[in-house]
Amino acid sequence: MEDLPTSASEPDGCVVVRVLSYNVRSMRDDVGALARVIRACRPDVVCIQEAPRFFRWRKAAARLAKTSGLVYVTGGATASGPMILSSLRAHVERTEDVLLPRTPGLHQRGFATAVLRFGRVRLGVLSCHLSIDDRERYGQGRLLLDQLAAMDVPHAVAAGDLNDRPDGHTFGLLAESLQDGWATKPWGREHTTRLGDPLQRIDVVFATEGVQVLGCGVPMGLRGVEERDLRAATDHLPVLAALRVPPT
(Lines give C-alpha, C1' and ligand atoms only; values in the text may rest on other atoms or scores of the structure.)
Protein backbone atom coordinates (compact mmCIF):
# COMPACT_ATOMS: atom_id res chain seq x y z
CA MET A 1 0.00 0.00 0.00
CA GLU A 2 1.13 3.53 -0.79
CA ASP A 3 1.84 5.33 2.47
CA LEU A 4 0.12 8.54 3.48
CA PRO A 5 2.18 11.74 3.62
CA THR A 6 4.11 11.96 6.86
CA SER A 7 3.65 14.68 9.46
CA ALA A 8 5.46 17.80 8.35
CA SER A 9 5.82 21.55 8.71
CA GLU A 10 6.13 23.19 5.31
CA PRO A 11 8.02 26.39 4.34
CA ASP A 12 4.80 28.34 3.71
CA GLY A 13 3.55 27.65 7.25
CA CYS A 14 1.17 24.82 6.30
CA VAL A 15 1.36 21.64 8.34
CA VAL A 16 0.55 18.05 7.45
CA VAL A 17 -1.34 16.46 10.34
CA ARG A 18 -2.25 12.78 10.62
CA VAL A 19 -5.59 12.23 12.35
CA LEU A 20 -6.77 8.80 13.51
CA SER A 21 -10.32 7.91 14.58
CA TYR A 22 -10.78 4.68 16.56
CA ASN A 23 -13.62 3.09 18.53
CA VAL A 24 -11.77 1.10 21.22
CA ARG A 25 -14.76 -0.64 22.88
CA SER A 26 -13.79 0.49 26.38
CA MET A 27 -10.41 -1.27 26.00
CA ARG A 28 -12.08 -4.61 26.74
CA ASP A 29 -10.03 -6.43 24.12
CA ASP A 30 -6.27 -6.73 23.47
CA VAL A 31 -4.80 -3.39 24.60
CA GLY A 32 -1.36 -4.36 23.35
CA ALA A 33 -2.73 -4.94 19.85
CA LEU A 34 -4.65 -1.67 20.07
CA ALA A 35 -1.50 0.27 20.97
CA ARG A 36 0.49 -1.39 18.17
CA VAL A 37 -2.10 -0.34 15.59
CA ILE A 38 -2.11 3.24 16.85
CA ARG A 39 1.69 3.49 16.92
CA ALA A 40 1.97 2.08 13.40
CA CYS A 41 -0.37 4.80 12.09
CA ARG A 42 1.98 7.51 13.48
CA PRO A 43 -0.85 9.93 14.28
CA ASP A 44 -0.55 13.48 15.54
CA VAL A 45 -4.12 13.38 16.86
CA VAL A 46 -6.30 10.43 17.86
CA CYS A 47 -10.05 10.77 18.28
CA ILE A 48 -11.13 7.87 20.49
CA GLN A 49 -14.67 6.58 20.94
CA GLU A 50 -15.89 4.30 23.74
CA ALA A 51 -12.99 5.22 25.98
CA PRO A 52 -13.28 3.75 29.50
CA ARG A 53 -15.86 5.73 31.52
CA PHE A 54 -16.15 4.04 34.89
CA PHE A 55 -13.86 2.67 37.63
CA ARG A 56 -10.29 4.03 37.29
CA TRP A 57 -11.00 5.36 33.81
CA ARG A 58 -8.24 7.97 34.06
CA LYS A 59 -5.69 5.25 34.74
CA ALA A 60 -6.89 3.31 31.69
CA ALA A 61 -6.72 6.44 29.51
CA ALA A 62 -3.19 7.16 30.72
CA ARG A 63 -2.19 3.56 29.99
CA LEU A 64 -3.47 3.74 26.42
CA ALA A 65 -1.73 7.07 25.83
CA LYS A 66 1.59 5.82 27.23
CA THR A 67 1.60 2.50 25.35
CA SER A 68 0.67 4.32 22.13
CA GLY A 69 3.44 6.91 22.52
CA LEU A 70 0.93 9.75 22.95
CA VAL A 71 -0.42 12.04 25.65
CA TYR A 72 -3.94 12.46 27.01
CA VAL A 73 -5.62 15.72 25.95
CA THR A 74 -9.26 15.55 27.09
CA GLY A 75 -12.41 13.44 27.27
CA GLY A 76 -13.23 9.95 28.47
CA ALA A 77 -15.81 9.80 31.24
CA THR A 78 -16.15 13.59 31.19
CA ALA A 79 -17.44 13.41 27.60
CA SER A 80 -19.26 10.08 28.10
CA GLY A 81 -16.86 8.13 25.91
CA PRO A 82 -15.18 10.32 23.27
CA MET A 83 -11.56 11.19 24.04
CA ILE A 84 -8.64 12.96 22.35
CA LEU A 85 -4.97 11.94 22.46
CA SER A 86 -2.12 13.70 20.70
CA SER A 87 1.58 13.51 20.02
CA LEU A 88 3.99 15.92 21.69
CA ARG A 89 4.03 17.83 18.41
CA ALA A 90 0.72 19.44 19.37
CA HIS A 91 0.40 22.31 21.81
CA VAL A 92 -2.92 22.21 23.65
CA GLU A 93 -4.48 25.68 23.60
CA ARG A 94 -7.78 24.77 25.25
CA THR A 95 -10.19 21.87 25.79
CA GLU A 96 -13.89 21.43 26.46
CA ASP A 97 -15.97 18.31 27.09
CA VAL A 98 -19.65 18.63 26.21
CA LEU A 99 -22.50 16.40 27.38
CA LEU A 100 -25.41 16.31 24.94
CA PRO A 101 -29.15 16.30 25.71
CA ARG A 102 -30.14 12.75 26.61
CA THR A 103 -33.21 10.83 25.49
CA PRO A 104 -34.63 8.70 28.35
CA GLY A 105 -33.72 5.06 27.85
CA LEU A 106 -30.72 5.82 25.65
CA HIS A 107 -27.04 6.25 26.50
CA GLN A 108 -25.61 9.62 27.47
CA ARG A 109 -23.54 11.02 24.60
CA GLY A 110 -20.98 13.80 24.40
CA PHE A 111 -18.20 15.51 22.49
CA ALA A 112 -14.54 15.78 23.43
CA THR A 113 -13.11 18.96 21.89
CA ALA A 114 -9.76 20.71 21.82
CA VAL A 115 -7.96 23.49 20.00
CA LEU A 116 -4.43 22.36 19.15
CA ARG A 117 -1.52 24.39 17.77
CA PHE A 118 1.02 23.08 15.28
CA GLY A 119 3.44 25.93 14.69
CA ARG A 120 1.38 28.75 13.15
CA VAL A 121 -1.65 26.50 12.63
CA ARG A 122 -4.61 26.35 15.01
CA LEU A 123 -6.77 23.26 14.54
CA GLY A 124 -10.07 22.51 16.24
CA VAL A 125 -10.61 18.81 17.00
CA LEU A 126 -13.91 17.13 17.92
CA SER A 127 -14.29 13.45 18.79
CA CYS A 128 -17.85 12.07 18.71
CA HIS A 129 -19.91 8.89 19.02
CA LEU A 130 -23.46 9.55 17.89
CA SER A 131 -26.69 7.86 18.94
CA ILE A 132 -28.14 4.63 17.58
CA ASP A 133 -31.55 6.37 17.48
CA ASP A 134 -32.28 8.15 14.19
CA ARG A 135 -34.00 11.22 15.61
CA GLU A 136 -31.55 11.74 18.47
CA ARG A 137 -28.60 11.18 16.12
CA TYR A 138 -29.82 13.84 13.68
CA GLY A 139 -30.14 16.35 16.50
CA GLN A 140 -26.62 15.49 17.63
CA GLY A 141 -25.38 16.08 14.08
CA ARG A 142 -26.78 19.62 14.23
CA LEU A 143 -25.15 20.14 17.61
CA LEU A 144 -21.85 18.92 16.21
CA LEU A 145 -21.92 21.58 13.51
CA ASP A 146 -22.87 24.21 16.10
CA GLN A 147 -20.01 23.11 18.34
CA LEU A 148 -17.46 23.37 15.53
CA ALA A 149 -18.67 26.89 14.77
CA ALA A 150 -18.50 27.85 18.45
CA MET A 151 -14.85 26.78 18.66
CA ASP A 152 -14.01 29.89 16.64
CA VAL A 153 -11.06 28.46 14.71
CA PRO A 154 -10.42 28.78 10.98
CA HIS A 155 -9.90 25.03 10.48
CA ALA A 156 -11.24 21.96 12.27
CA VAL A 157 -11.71 18.21 12.08
CA ALA A 158 -14.55 16.11 13.47
CA ALA A 159 -13.96 12.38 13.72
CA GLY A 160 -15.77 9.45 15.21
CA ASP A 161 -18.36 6.72 15.08
CA LEU A 162 -21.52 8.14 13.50
CA ASN A 163 -23.66 5.00 13.81
CA ASP A 164 -24.86 6.08 10.37
CA ARG A 165 -23.92 5.21 6.80
CA PRO A 166 -23.19 7.60 3.91
CA ASP A 167 -26.80 7.31 2.68
CA GLY A 168 -28.19 8.23 6.14
CA HIS A 169 -29.76 11.56 7.11
CA THR A 170 -27.17 12.49 9.75
CA PHE A 171 -24.19 11.47 7.62
CA GLY A 172 -25.67 13.52 4.78
CA LEU A 173 -26.23 16.52 7.05
CA LEU A 174 -22.57 16.54 8.06
CA ALA A 175 -21.27 15.84 4.55
CA GLU A 176 -23.17 18.87 3.24
CA SER A 177 -21.16 21.20 5.49
CA LEU A 178 -17.87 19.30 5.92
CA GLN A 179 -15.47 17.35 3.73
CA ASP A 180 -15.93 13.59 4.10
CA GLY A 181 -12.32 12.39 4.11
CA TRP A 182 -12.91 9.07 2.34
CA ALA A 183 -15.18 10.59 -0.33
CA THR A 184 -12.73 13.44 -0.93
CA LYS A 185 -9.49 11.44 -1.22
CA PRO A 186 -10.00 7.69 -0.73
CA TRP A 187 -7.03 5.66 0.47
CA GLY A 188 -6.76 2.24 2.07
CA ARG A 189 -9.93 0.31 2.87
CA GLU A 190 -13.38 1.92 2.90
CA HIS A 191 -15.45 -0.10 5.35
CA THR A 192 -14.89 0.29 9.09
CA THR A 193 -16.86 -2.58 10.59
CA ARG A 194 -14.96 -5.49 12.06
CA LEU A 195 -13.42 -7.91 9.56
CA GLY A 196 -16.00 -10.54 8.71
CA ASP A 197 -18.99 -8.38 9.72
CA PRO A 198 -21.40 -6.83 7.16
CA LEU A 199 -19.61 -4.09 5.22
CA GLN A 200 -20.44 -0.62 6.52
CA ARG A 201 -18.68 2.75 6.68
CA ILE A 202 -19.82 4.32 9.94
CA ASP A 203 -16.49 5.69 11.25
CA VAL A 204 -15.29 8.90 9.62
CA VAL A 205 -12.91 11.85 9.57
CA PHE A 206 -14.53 15.11 8.46
CA ALA A 207 -12.65 18.37 7.78
CA THR A 208 -13.79 21.94 7.34
CA GLU A 209 -13.36 23.91 4.13
CA GLY A 210 -9.81 25.05 3.53
CA VAL A 211 -8.23 21.86 4.86
CA GLN A 212 -6.72 19.73 2.08
CA VAL A 213 -7.42 16.01 2.45
CA LEU A 214 -4.32 14.14 1.23
CA GLY A 215 -5.78 10.69 1.88
CA CYS A 216 -8.25 8.98 4.22
CA GLY A 217 -9.32 5.42 4.94
CA VAL A 218 -8.78 2.27 6.96
CA PRO A 219 -5.02 1.55 7.13
CA MET A 220 -5.25 -2.09 6.05
CA GLY A 221 -1.87 -3.03 4.64
CA LEU A 222 -0.06 -0.01 6.06
CA ARG A 223 3.45 -0.91 7.16
CA GLY A 224 3.31 -2.11 10.77
CA VAL A 225 -0.48 -2.59 10.87
CA GLU A 226 -1.07 -6.31 11.18
CA GLU A 227 -4.43 -7.91 10.41
CA ARG A 228 -4.21 -10.03 13.55
CA ASP A 229 -3.84 -6.86 15.63
CA LEU A 230 -6.82 -5.22 13.91
CA ARG A 231 -8.91 -8.32 14.72
CA ALA A 232 -7.72 -8.47 18.33
CA ALA A 233 -7.80 -4.77 19.24
CA THR A 234 -11.53 -3.92 19.11
CA ASP A 235 -14.71 -4.48 17.07
CA HIS A 236 -14.16 -1.45 14.77
CA LEU A 237 -11.45 -0.64 12.26
CA PRO A 238 -9.60 2.67 12.55
CA VAL A 239 -9.75 5.51 10.04
CA LEU A 240 -6.53 7.40 9.29
CA ALA A 241 -6.37 10.73 7.44
CA ALA A 242 -3.53 12.97 6.35
CA LEU A 243 -4.55 16.61 6.19
CA ARG A 244 -2.72 19.72 5.00
CA VAL A 245 -3.82 22.67 7.16
CA PRO A 246 -2.99 26.29 6.24
CA PRO A 247 -1.53 28.67 8.85
CA THR A 248 -3.84 30.90 10.82
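The values are calculated or read from the model by the stated rules, or taken from the named source; none is laboratory data. Just so you know, these numbers come straight off a predicted model, no measurement behind them. Every residue, glycine among them, receives a Cβ derived from its backbone with ideal geometry; neighbour counts consider all protein chains shown. Ligands, DNA and RNA are stripped out before the accessible areas are found, and what is left, the full protein with its side chains, is counted by its heavy atoms. Shrake-Rupley method; radii C 1.70, N 1.55, O 1.52, S 1.80 Å.
Numbers at a glance
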item	result
Separation between Cα centres of segment 159-184 and segment 208-226, rounded to whole Å	16
Placed amide H near Gly69: partners under 5 Å, 5+ positions off or other chain	none
Peptide ranges 81-87, 192-198, 27-33, 136-142 listed from the most packed, as the mean C-beta count within 10 angstrom indicates	81-87, 136-142, 27-33, 192-198
Cβ-based net charge around Leu243, under 11 Å, with every Lys or Arg adding one and every Asp or Glu removing one	+2
Approximate shape of segment 1-148 as ellipsoid semi-axes (Cα gyration tensor, √5λ), whole Å, largest first	26, 19, 14
Rel. contact order, % - alpha carbon contacts under 8 angstrom, at least six apart, the chain	24
Distance from segment 38-60 to segment 65-90 (C-alpha centre basis), Å	5
Net +/- balance of residues flanking Glu93 in space, Cβ distance below 9 Å, scoring K and R +1, D and E -1	+3
Å³ per residue enclosed by the Cα convex hull of segment 160-218	71
Accessible carbon and sulfur surface of the chain relative to its total accessible area, %, 1.4 Å	49
Difference of contour (0.36 nm per residue) and Cα-Cα distance, Lys59 to Ala8	15.2 nm
Charge sum, other residues only, whose C-beta stays under 14 Å from Glu176's C-beta, Lys/Arg counted +1 and Asp/Glu -1	-3
Accessible area per residue in Å² at 1.4 Å probe, computed on the chain	43
